[in-house]
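Structure, as structure tokens:
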Amino acid sequence: MAILEKLSSKEAIALEDKYGAHNYHPLPVVLSRGEGVFMWDAEGKKYYDFLSAYSAVNQGHCHPRIVEAMSEQAKTLTLTSRAFYNDMLGKFEKYATEYFGFDKMLPMNTGAEAVETAIKICRKWAYEKKGIPEQEAKIVVFENNFHGRTTTIISFSNDEGARKNFGPYTPGFIKVAYNDPEALKEVLETEKNVAGVLIEPIQGEAGVFRPDTDFMAKVKSLCNANNVLFIADEIQTGIARTGSLLAVCGDCTCQGHCEQQATYQRPDMLVLGKALSGGAYPVSAVLADDEIMNVIQPGQHGSTFGGNPVAAAVAMEALEVVRDEQLAQNARELGALFREKLNDYIEQSSIVTLVRGKGLLNAIVVNDTEDSSTAWDICVALKENGLLAKPTHGNIIRFAPPLVMTREQLLDCIDIITKTLKDFEK
Ligand SMILES: *Cc1c(COP(=O)(O)O)cnc(C)c1O
């Protein structure tokens, strides 16, 4: 079979079904092309993308500048491993550390690997800097977290599907309620040997749960008070998605880091992935200052592909696009418009109970039982009407279009969404 042979949607689904592991349950649509906020299926039907590959494609599909950077670098040098230096990685590290305001960066590929990296650095810091007895370090995580799929990470998940029969589980994690500063305070003040707190500033997978405005500030100050590392997983919320460069920036609209901003809850370790490459290539990273990052010495951590020249070229261009096209500003403005229009609709609706989110990371809660198929059925109907979104955790639908969307396009999408929802009203 020639790899460029065109398949029908039906054929493509049949192949995945027969030859692929069934570890996903995709919406029945087969995509073959993308550009900006649009994707096309194998039969040429056009859709608005309202998922952005879980917020990896913030810069829009096949952004010409990112594709150009990738193909130029792919023709020049793709992989050296870290056994040797390459002439792109240092540039990327300088660029990213200045962009986000940290001393150092450690590059990896996927989000889960970056989270694993942060966990390892945190534990090592705890033993070598904080003086926690060996094997005793604990990291605080939150109920309903999502940080990836490795054996260690699923060990502290609440998602039974993600966890069951994958044990024995990695010890060393304590789970507390999200958005409950008192519960966190209690744990930090009573548990011995806590090394870090790993948190999503908004819980994306759990259904776009946005904590109270002052929660992250409280988490940070509790971490400081207890000499515990504050680790922000911004793999989904970062890179302009929530209307600022990072969700921990709070209300700041600047396009780079600014430590002066009162709302900026600067983490000790920042974990990035997804849109770090604009969805063109797997690139993730952990950023931290020297006193933390320097606990990692040669031979102690690494990855064959981490920090490769293509990743470096793609990520620098992807970040440059975020700044040049003012994507944070756009996400902020369009997000406010989206929630305003959806709230207008919800006033008269019996099928949707609420819309919530920040910037262009939003979700609606469907008025039906957790185990009903209504959210799925709505997504299938949205697909028929030319818009692609996916339920997350039962009756919640996440809405996260590429941030390069225009106001007219968003209004068009809101039209599609509200018209589709009308068919489900009782
Ligand atoms: C997607 C995601 C991850 C995992 O990233 P992968 O690239 O899928 O390994 C981790 N944390 C959060 C918050 C995410 O949204």
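Any read-out appearing in this document is the output of simple, stated calculations on the displayed coordinates, not a laboratory observation. Predicted, not measured: the structure shown is a model, and the values here were computed from it. Please note: Cβ atoms are built from the backbone with ideal geometry, for glycine as well, and neighbour counts cover all protein chains shown.
Give me the pairs, please: first residue somewhere in the range 33-57 and more than 18 Å from residue 274 (Cα to Cα), second residue anywhere and crowded, with 17+ Cβ neighbours inside 10 Å and of a type in the set (Lys, Arg), beta-carbon distance under 8 Å, and either six or more positions apart or on two chains.
47/383
Mind checking whether some residue in the range 250-262 is touching a residue at least 40 places away in the same chain (Cβ under 8 Å) and crowded, with 24+ Cβ neighbours inside 10 Å?
No.
Would you tally the residues in the range 233-250 being over 15 Å from residue 283 (Cα atoms), in contact with a strand residue (DSSP E or B) (Cβ under 8 Å, 6 or more places away or on another chain) and either polar (S, T, N, Q) or within 16 Å of the ligand (Cβ to nearest atom) (or both)?
Going through the range 233-250, the residues over 15 Å from residue 283 (Cα atoms) turn out to be 237, 240-250.
Those left that are additionally in contact with a strand residue (DSSP E or B) (Cβ under 8 Å, 6 or more places away or on another chain): 237, 241-243, 246-248.
Of the ones still in play, those that are also either polar (S, T, N, Q) or within 16 Å of the ligand (Cβ to nearest atom) (or both) are 237, 241-242, 246-248.
Within the range 233-250, residues that are over 15 Å from residue 283 (Cα atoms), in contact with a strand residue (DSSP E or B) (Cβ under 8 Å, 6 or more places away or on another chain) and either polar (S, T, N, Q) or within 16 Å of the ligand (Cβ to nearest atom) (or both) number 6.
Given the criteria of a type outside the set (Lys, Arg), surrounded by 16 or more Cβ atoms within 10 Å (Cβ to Cβ) and either more than 30 Å from residue 319 (Cβ to Cβ) or under 16 Å from the mean Cα position of the chain (by Cα) (or both), does residue 181 qualify?
On the way: of a type outside the set (Lys, Arg): yes; surrounded by 16 or more Cβ atoms within 10 Å (Cβ to Cβ): yes; either more than 30 Å from residue 319 (Cβ to Cβ) or under 16 Å from the mean Cα position of the chain (by Cα) (or both): yes.
Against the criterion (of a type outside the set (Lys, Arg), surrounded by 16 or more Cβ atoms within 10 Å (Cβ to Cβ) and either more than 30 Å from residue 319 (Cβ to Cβ) or under 16 Å from the mean Cα position of the chain (by Cα) (or both)), residue 181 qualifies.
With the requirement that a residue be assigned to a loop (DSSP other than H, G, I, E, B) and touching a strand residue (DSSP E or B) at 6+ places or on another chain (Cβ under 8 Å), what does the range 118-149 give you? Working first, answer last.
Here is the first cut: in the range 118-149, the residues assigned to a loop (DSSP other than H, G, I, E, B) are 131-137, 143-149.
Selection gives 132, 137, 143, 144, 145, 146, 147.
Here are 211, 201, 168: which of them is over 16 Å from the mean Cα position of the chain (by Cα) and within 15 Å of the ligand (Cβ to nearest atom)? Even if it seems obvious, please write down each step before you answer.
Details: 201 fails: over 16 Å from the mean Cα position of the chain (by Cα); 168 fails: within 15 Å of the ligand (Cβ to nearest atom).
When all the criteria are applied, what remains is 211.
Please list, ordered by residue number, the strands (runs of 3 or more DSSP E) wholly in the range 150-257 having 1 or more residues that are on the phi < 0 side of the Ramachandran plot and charged (D, E, K, R). Outline the logic, then answer.
On the way: elements: 173-176, 194-199, 229-233.
Because the criterion is at least 1 residues that are on the phi < 0 side of the Ramachandran plot and charged (D, E, K, R), the strands (runs of 3 or more DSSP E) in the range 150-257 that meet it are 173-176, 229-233.
Does the range 172-191 contain at least one residue that is in contact with a His (Cβ under 8 Å, 6 or more places away or on another chain) and of a type in the set (A, V, I, L, M, F, W, C)? Working first, answer last.
At the first step, the residues of the range 172-191 found to be in contact with a His (Cβ under 8 Å, 6 or more places away or on another chain) are none.
No, because not a single residue in the range 172-191 is in contact with a His (Cβ under 8 Å, 6 or more places away or on another chain) and of a type in the set (A, V, I, L, M, F, W, C).
Could you please find all residues in the range 1-14 being surrounded by 12 or more Cβ atoms within 10 Å (Cβ to Cβ) and of a type in the set (A, V, I, L, M)?
Passing the criteria: 7, 12, 13, 14.
Would you pick out the residues in the range 108-137 that are free of Cβ contacts under 8 Å to residues at least 60 places away in the same chain and closer than 22 Å to residue 285 by Cα?
Let us first name the residues in the range 108-137 that are free of Cβ contacts under 8 Å to residues at least 60 places away in the same chain, namely 112, 116, 127, 131, 134-137.
Within the range 108-137, 112, 116 meet the criteria.
What pairs come out if I take residues in the range 321-338 that are in contact (Cβ under 8 Å) with a residue 40 or more places away in the chain and pair them with residues that are part of a helix (DSSP H, G or I) whose C-beta lies under 6 Å away, six or more apart or interchain?
If the second residue must be part of a helix (DSSP H, G or I), the pairs left are 321/65; 334/410.
Residue by residue through the range 351-392, note down the ones that are at positive phi and either free of Cβ contacts under 8 Å to residues at least 12 places away in the same chain or more than 16 Å from the chain's Cα centre (by Cα) (or both). So that I can check it myself, show each step before the final result.
In the first step, residues of the range 351-392 are kept if they are at positive phi; the result is 357, 359, 386.
Selection gives 386 alone.
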